2 protein chains.
Amino acid sequence: MPGKHYLFTPGPTPLPPEVREVLARPAIHPRGPDFLPPYERVLGRLKEVFRTEHDVLLFSSSGTGAFESAVANLTEPGEHALVVSSGHFGERWAAMATRYGADVDHLRYAWGETPDPDEVRARAAGAAVVYVVHSETSTGVVSDVQALGAADKDAGALVVVDAISSVGAVPCETDAWGLDVVVCGSQKALMTPPGLGFASVSPAALAKARETTTPRFYFDWERTHQAQAKLDAPFTLAVPLVLGLDVALGLLLREGLDAAFERHVRLGRATRGGIKAMGLELASPDEDRSAVVTAVHAPDELDVSAFLLDLHERLGVQLIGGQGEWSGKVFRIGHLGWFDILDITTALTAVEDGLAAAGVEIERGVAIPAALGAYDVARV
Amino acid sequence: MPGKHYLFTPGPTPLPPEVREVLARPAIHPRGPDFLPPYERVLGRLKEVFRTEHDVLLFSSSGTGAFESAVANLTEPGEHALVVSSGHFGERWAAMATRYGADVDHLRYAWGETPDPDEVRARAAGAAVVYVVHSETSTGVVSDVQALGAADKDAGALVVVDAISSVGAVPCETDAWGLDVVVCGSQKALMTPPGLGFASVSPAALAKARETTTPRFYFDWERTHQAQAKLDAPFTLAVPLVLGLDVALGLLLREGLDAAFERHVRLGRATRGGIKAMGLELASPDEDRSAVVTAVHAPDELDVSAFLLDLHERLGVQLIGGQGEWSGKVFRIGHLGWFDILDITTALTAVEDGLAAAGVEIERGVAIPAALGAYDVARV
């Protein structure tokens, strides 16, 4: 039979069939009457999901592009910026801000550590902008962005949050927590293919952007802000992705954000419960907030690449290894977006089978009951 | 019955069903084994279609984003650049290069004029980079980019070509004509939804980019060049669009580039033949090279917006009006990409009916025979 495929990566994530269906629709024009109703809905639904009353600017780009919009619009060369990193993506933002000429103070935690709000508060003094990561997809750490944001505001800085894999999966209260810029991508908890990036922008951030002189055009906030105010876009939008996002956001809001957050917490518990039951060691924190992706220390004797390839070839299962300095040392199981408990038990079953095939000694037959127990089906 | 829809805009263009079908496939990971074969094919097919042996860099962005990659990578602030414009997009590139700090000489032709290679040669002296438009989608003018490129090379400049709506529709011999950078977008003659942009980059252009200091990250050529060399991408690609592009480029190459160019020439002749037969006046040049989009002067008594809305509401036909200074003064019929002669006769039929409904005096019943005659079916 043709192989079945199972995608358990922390982005791109699986697509609901309702989303896939609209991707295949005949082409429509992004400035024509057929596109405007879904586009208007998307802009409104993004605000609901970001929990903001301000603009959520939409870019046809990856999440990194949307993050670059923050750096390009907020950086005045030579100005002091603090970048807080504890993994691959935080380090990317430090490199990016440096490339844009910011005077970067890089508060660099070890991979897998969780940034400490008090330390961030002390370092944020004098910074015009502080960049923090909410969900560090490379490690599974979800930081306390409410506390980090408060620390930055105490210091008088604008706070920019990489929430690329957190919005829709874990709480991110843009306005209530005073987060000036929250960046997200379509292909994570928002259940849409990659190709769209978002940045919510506070009035203070937009005002700052009007003063900075760093060159930008495609990612210029003011241009997109003004266009969206007229239900237009400055550049041709990736139409099918916007239509898919409309459907996906509708599904998410129908479930309810709080219900989705609760589901992600329980999927995280289930994944960690299964992994620990096998006798494996977690690389990501064993806490409820870590509800996006679980990173697992690879046993010493395991060749991670061969293990992942075996799972793909024999079972059609796609997991992913580590990035950067965690390359070859961990494998990761995503549980964000269109995931339910049976996805988790399938992923754990594949992990158990793949490790056994690789000759790794693990506890057999205990992961699934542990996962189901941790998910706590009875309490639904 | 649910309305049928007919898209006759110069991008986004209609999607072949083979392309639409792959857009709806279940999600796959862009670094997994399922994605690499189509990705490798796409990178190879882009080189064939661009007629280059060098890299065609792929960005998840609109065509403007890919064009910005040229400006961001080639601009050293204060260096002299020549921008040749004769319509909306050329003017956009002048604004963009200015925003990036180039010392811009803007050789500005009136909308609808065709740039003169001798004039460009004279003005190009001393410019580090010359920006020219191959197909000016706003007016229908297709310039003689071979001659313009030669003029720029004579002056010792790098030549950057906006070929967003020309690659795949009219000849663009990147290497043979010495074009350093050729920029295209997915949603024009390449029959794929919007959301991907491309820039072919000559070794000289790449070498220049390694020296410039203008900040960029997402659109940095070297980063994408190095990733593509390893069949990777620096940022998450818009997976469904790449899969669609693979299929679309396969269709184009199976037809054959020369056959596609010939088809576009004949579709342009047919469109102009029908328009002229009705007694309307062309705004775009009445020449074979103008094979991408036909701009038509709106009769004085016509409200273009109301006319376009009427066509959409009564007949499901989507044409488009003018941009910028041609807003309200022209309407445009695209004939690039997945178009055949019956699309043209349908578009002309709609135009005739819509003008009649608007009370415009035109010749009735002559456009279709004129179009068929101009297309010259007998010579196929």
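Where a number appears in this text, it was derived from the coordinates with a stated rule and is not lab data. Note that the coordinates shown come from a computational prediction; the quantities given were computed from them, not determined experimentally. Because the Cβ atoms are built from the backbone with ideal geometry, glycine has one as well, and the counts that use them run over all protein chains shown.
Observations on the model:
- Label separation (A:ALA356 vs B:THR346): 5.6 nm, computed from points 7 Å beyond Cα along the C-beta direction.
- Positive contributions from Lys and Arg (+1) and negative ones from Asp and Glu (-1), summed over other residues with Cβ under 11 Å from the Cβ of A:PRO299, come out at -4.
- With viscosity 1.306 mPa s and temperature 10 °C, the Kirkwood radius over alpha carbon pairs of the protein assembly as shown converts through Stokes-Einstein to a diffusion coefficient of 59 µm²/s.
- Nearest-0.05 FRET efficiency for B:LYS4 and A:GLU18, computed from C-beta distance (R0 35 Å): 0.90
- Taken over the alpha carbons of segment A:65-124 as equal point scatterers, the Debye sum produces base-10 log I(q)/I(0) values at 0.19, 0.27 Å⁻¹ of -0.67, -1.13.
- For segment B:262-320, the percent of C-alpha pairs falling in each 5 Å distance bin, counted from 0 to the bin holding the largest distance, reads 4, 18, 23, 23, 20, 10, 2, 0.
- When segment B:47-154 is described by a simple charge dipole with +1 on each Lys and Arg Cβ and -1 on each Asp and Glu Cβ, the residue from B:PHE59, B:PRO77, B:ALA124 located farthest towards its positive end is B:PHE59.
- Taking trypsin sites (Lys or Arg not before Pro) in DSSP loop states with no more than 13 other Cβ atoms inside 10 Å as exposed sites, chain B has its longest site-free stretch at B:5-229.
- Shown here are the Rg and Dmax of the Cα trace of segment A:256-379, at 13.7, 43 Å.
- Toward the positive end of the charge dipole of the protein assembly as shown, with +1 on the Cβ of Lys and Arg and -1 on the Cβ of Asp and Glu, the farthest Cα among A:ALA24, B:ALA176, A:SER165 is that of A:ALA24.
- Ranking of B:ASP258, A:ASP34 by count of other Cβ atoms within 10 Å, fewest first: B:ASP258, A:ASP34
- The modelled label-to-label distance for the pair A:GLU53/A:ALA229, using points 7 Å beyond Cα in the direction of Cβ, is 1.7 nm.
- For the segment A:214-224, counting C-beta atoms of other chains within 10 Å of every residue's C-beta and taking the mean gives 5.
- Largest first, the three principal axis extents of the alpha carbons in segment A:310-353 are 31, 25, 14 Å in whole numbers.
- Per residue Cα convex hull volume in Å³ - calculated over segment B:176-327: 190
- Using the alpha carbons alone, the radius of gyration of segment A:53-93 stands to its Kirkwood radius in an Rg to Rh ratio of 1.01.
- Residue pairs, from the table B:LYS47/B:LYS230; B:LYS47/B:LYS276; A:LYS4/B:LYS47; A:LYS153/A:LYS230; A:LYS4/A:LYS188, whose Cα atoms sit over 27 Å apart: B:LYS47/B:LYS276; A:LYS4/B:LYS47; A:LYS153/A:LYS230
- Cβ-based net charge around B:ALA259, under 13 Å, with every Lys or Arg adding one and every Asp or Glu removing one: -1
- Estimated inter-spin distance, A:LEU251 and B:ALA259, nm [label 7 Å along Cα→Cβ]: 3.9
- Under the convention that each Lys and Arg Cβ holds +1 and each Asp and Glu Cβ holds -1, the size of the dipole of chain A around its Cα centre is about 920 debye.
- For peptide B:25-38, the mean count of partner chain Cβ atoms within 10 Å of a residue's Cβ comes to 6.
- Distant alpha-carbon pairs in chain B (separation over 26 angstrom), percent: 51
- Rg in Å to one decimal, and Dmax rounded to a whole Å, for segment B:79-207 via C-alpha atoms: 13.4, 39
- Net charge of neighbours whose Cβ lies under 11 Å from the Cβ of A:PHE235, counting Lys and Arg as +1 and Asp and Glu as -1: -1
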